[in-house]
Structure formats: structure tokens, C-alpha cells
Amino acid sequence: LNVRSFFWKKKIFAESLKMVVELDTRDSEIENGAPIAVEERICNPALNLDARQLELKGYVGFSNLPQQLIEKIKKRGCTFNIMCVGETGIGKSTLMESLFNQSFELDPCSHELNTVELRERNFEVEERDILLKLALVETAGFGDQMDKENSVRVIVDYLNNKYEMYLQEELRVKRNLRLYHDTRIHACLYFISPTGHGLKALDVYAMKQLGNKVNVIPVIAKADTISKEELKRFKCKILEEIRSNDIQIYHFPEDDSNAAEENAVFNSVVPFAVVGSTDFVKKGDQLVRARQYPWGIVEVENEDHCDFLKLRAALIRVNIAHLLERTHTLLYEKYRCVRLKELGVKDGDIGPGMMQAYKMVYIPFKRKSELLAQVQSTESEVRERFVQKIKAKELELKEKEREIQEKMETQNREFQLEMQRLDEKCRQVDKEIMDFEHAKQQFLLTKTKKK
């Protein structure tokens, strides 16, 4: 019954999609002056261009739709996943703590990692009764290896894996996307070193590879290390290299009248020159988040000092919904289209074709999960046996050490006693020698007197 329901839903979806395509085709014909039949107007309300505008005479209730959506979001919460890509020590963790005004206690990265490690931490942040399920993904060790391409490949594989997990959930016969925890990355902050000389070869390659997979937002880290004039030239140089290398970065949408002006400002300052800090400095009667220098302070939340406030507004306050939507409707759909073609699914496949795709994707993944669980279980058993052997060996070594210690103490006591006996004999021999010498002197003296 569930399989039949699945196929029936797929059929309805395909027919609806076909109707939408026909409507789009008909719309283009209308724009070109093609006549519309009366029957077509009646059958397709979307083509009824002469729809009457009616005024309600009383309250109906559909105006509560926005409030219903808000209540639903309040109940379920909102998921937002951010990835930070940049060299070790460039300030990724510090900027995240500054953005959300929270201490996430992220582990520091090491320069000695053999490969890039993607460290994912999940948090829940609440603001005005809205729960944000936040995931921060940090690329530890990025740029520290000799093989730069492999560093980027690890990140791309991670992004593809998240899309694959979502696709597997979509292709399940019994799927529940409403309860599925979305782990797809919605925004990628790419940290550029403030060298003042443009993008590095690694930056160009990485941003070019990531631009097709995720919403890339370039930021200039530690912008307080270069002057304002150098910063302007640096930004122009970066934008020029982005255009010349055909790198796709996230463009804040300007087609929405509610946010067009703000997003135009945000687009004009990309890449954002940011400064992060975990310290608070007293300025007048208030504490401000800033970096303290011998010559003064650099305020993180001061637009005259850096673009931090613009980045926070652009990323969170204004465009978080668009980032979520673009990730799902554009970036994920690109991946989904390519994967379904690889699985042999063609346009219009609603039955055996989709079931075959389900078998090719979900069943191997399930088998892989089972094997992974088996490997982890075996690894745990081996580790437990190894720990037990280590503990047994430690006990054995401690017992031998105790025996050796006792033997040494016994030998030391015997040695001390033997030394005492030898000392006593030495004293007796010395006394006998002295007595002999004294007797000898007395004998010689007596002999001399007789003569």
C-alpha cells in the first residue's frame, strides 16, 4: 500500500509539473499575441487575465496565514548551517562568536594536521521565541598541506555527502522531511588573508570549486592589519580576480523591494572586511567588543572601523531565508538532477524508474551504514581488548617492578650490613697495627737501654 501510494504521488507530481510547463508555454504565446479560447480560460484559471477584484464584506481569516507560518517556525525552529573556510589562525572561530555574540568554546586548530578535518558543532540559539538550530562547520588544517587540491576535495566531498543524505531521504518510500534534520550547508564564509596583493592560487581554486556547491560569501579577515586605502585597492583586486576567473559568489538579491536597497549596499562592500574579537573594552560608560592596541582600539561593531555589522545584517538579519531557499531550490536541485541522471532516471519516470533509483541510492547507503556500524563495533571491541591487554601488561610490569624494588632493598640492607662488618674488621686491623707498632717501639726502646 505504501509503495502504491508513493507511485501515485509521483504520478500526480509529474502531471502537475506537465501542467505547469504547458501553462508557461501558453503564457509565452499570450505575450506574443496568441488568442485564448473561452474554454481554456474556464479550465485554466491561471489564464483568466480578466479576473475580477473583489472586496470582502467581512472577516474571513486567510489574513492569518503569515501568523500561522510564524507559529509553525516557532514550534519547529529554523535550521541554519554555516561553513567557515580559511587558513589556520585566520580568525574563523572568533568571527563566529562575534556574529552570534556567544562563546562557542570551539577547539583550536593545529598546523600539523595531515589532512583537512571538518569539525561540526551544533548549537541551539533562541531570540524572541525563535529557536535557531545552528551548525558551525570549521575546516581545520586548510591550506597547511602540500597537496592543495586534496584540501579542497575534502570540502567538496563533504558538501556532496550532505546533499546525498538529503536525496536519500527524499527517495525513501516512507520519508518524513518535516522531521528530517537538514545538514546541508546554507552559507560558506571564505576567509581571505589580508595580504593586500590579491587572491592566492589556493583561494582561486577553492572558491571556483565551492561556488557551484554552496553560497560562497568572501570576507577579508583581520582587516585591521591594513590601512583603509590599501583595503580599497585590495577589494578591487579581489573582485577583479573573481570576475576574471569566473568564480561564482553569492549575490544578495536586489529584486525584493523590501530589501533591495540594503542588499545593494551589501553587494557594494563585498568582500566584507571584518574584525573579530572575544574581548570587551570599556569605552566611556559602556563595554564594547573590540581589539586593544597600544595606539587605541578597533571596535568590531563600528562601521567606521570594519564591515562586521554589514556582514551580520546581510547574512542573518536580511537574507537568511533567501540563503535557505537558494540552497534548496538551486544548489541542491543541481546536485539532484545530476545524481538522478547518473542513476538512469529520465524525465517522466514515476514508477519503476524511481524505485530503481531508490534501490541504487538508499540500499547501498543502508548497506554502507550497516558496514560502518559493524566496523565501528569491531573497532570498539578491538580497542577494548587492546586496553585490557595494556592494563594487564601494566599490572604485570608493576608487579615485576615491585619485586625488583623489594630485591634491591634486600640487597641494599645486606650490603649495608656487610659494609658495617667490613668497617668493624678494618677498625680491628687498624687497632692491631697500632698495638703492634706501639709494642715494637717499646721493644726497640728497651733493647737500646740494655746496650
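Of all residues in the stretch 253-305, which are in a strand (DSSP E or B) and either basic (K, R) or out of contact with any strand residue (DSSP E or B) (no Cβ under 6 Å at 6 or more places or on another chain) (or both)?
The answer is K282, K283, Q286, R289, R291, Y293, G296.
Examine the stretch 127-139 for a residue that is surrounded by fewer than 11 Cβ atoms within 10 Å (Cβ to Cβ), small (G, A, S) and in contact (Cβ under 8 Å) with a residue 40 or more places away in the chain, and state whether such a residue exists.
In the first step, residues of the stretch 127-139 are kept if they are surrounded by fewer than 11 Cβ atoms within 10 Å (Cβ to Cβ); the result is 127-129.
After this cut, where a residue has to be small (G, A, S) as well, the list is none.
There is no residue in the stretch 127-139 that is surrounded by fewer than 11 Cβ atoms within 10 Å (Cβ to Cβ), small (G, A, S) and in contact (Cβ under 8 Å) with a residue 40 or more places away in the chain.
Pull out all pairs, ordered by first then second residue, where Cβ-Cβ is under 9 Å, the residues are six or more apart or on different chains, the first lies in the stretch 79-91 and is touching a residue at least 24 places away in the same chain (Cβ under 8 Å), and the second is basic (K, R) and part of a strand (DSSP E or B).
T79/K133; F80/K133; N81/K133
Scanning the stretch 151-189 for residues that are among the polar types (S, T, N, Q) and either without any contact (Cβ under 8 Å) to a residue 24 or more places away in the chain or under 19 Å from F80 (Cα atoms) (or both), which turns out surrounded by the fewest Cβ atoms within 10 Å (Cβ to Cβ)?
N176
Which one of Q374, Q405, Q416, Q428 is out of contact with any strand residue (DSSP E or B) (no Cβ under 6 Å at 6 or more places or on another chain), at pLDDT 80 or above and closer than 30 Å to R336 by Cα?
Q374
Is it true that C109 is part of a loop (DSSP other than H, G, I, E, B) and either assigned by TED's automatic domain parsing to the domain that holds K174 or at pLDDT 85 or above (or both)?
yes
When the residues of the stretch 172-196 are filtered to those that are hydrophobic (A, V, I, L, M, F, W, C) and modelled with pLDDT of 80 or more, which remaining residue is farthest from L210 (Cα to Cα)?
L179
Any chance you could count how many residues in the stretch 160-174 are among the aliphatic types (A, V, I, L, M), assigned to a helix (DSSP H, G or I) and either over 20 Å from the mean Cα position of the chain (by Cα) or not assigned by TED's automatic domain parsing to the domain that holds L210 (or both)?
Residues meeting the conditions: 2.
With the checklist (1) modelled with pLDDT under 90; (2) closer than 20 Å to E229 by Cα; (3) buried (at least 16 other Cβ atoms within 10 Å of the Cβ); (4) not aromatic (F, W, Y) in hand, flag the one item G296 doesn't pass.
Here G296 clears every test but (3).
Rundown of residues vs (1) under 25 Å from the mean Cα position of the chain (by Cα); (2) modelled with pLDDT of 90 or more; (3) more than 20 Å from L202 (Cα to Cα), yes/no style:
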site	(1), (2), (3)
K235	no, yes, no
I238	yes, yes, no
A259	no, no, yes
N263	no, yes, yes
P271	yes, yes, no
S277	yes, no, yes
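The values are calculated or read from the model by the stated rules, or taken from the named source; none is laboratory data. Computed from a predicted model, the values in this text were never measured in an experiment. Note that we place each Cβ from the backbone using ideal geometry, even for glycine, and neighbour counts take in every protein chain shown.
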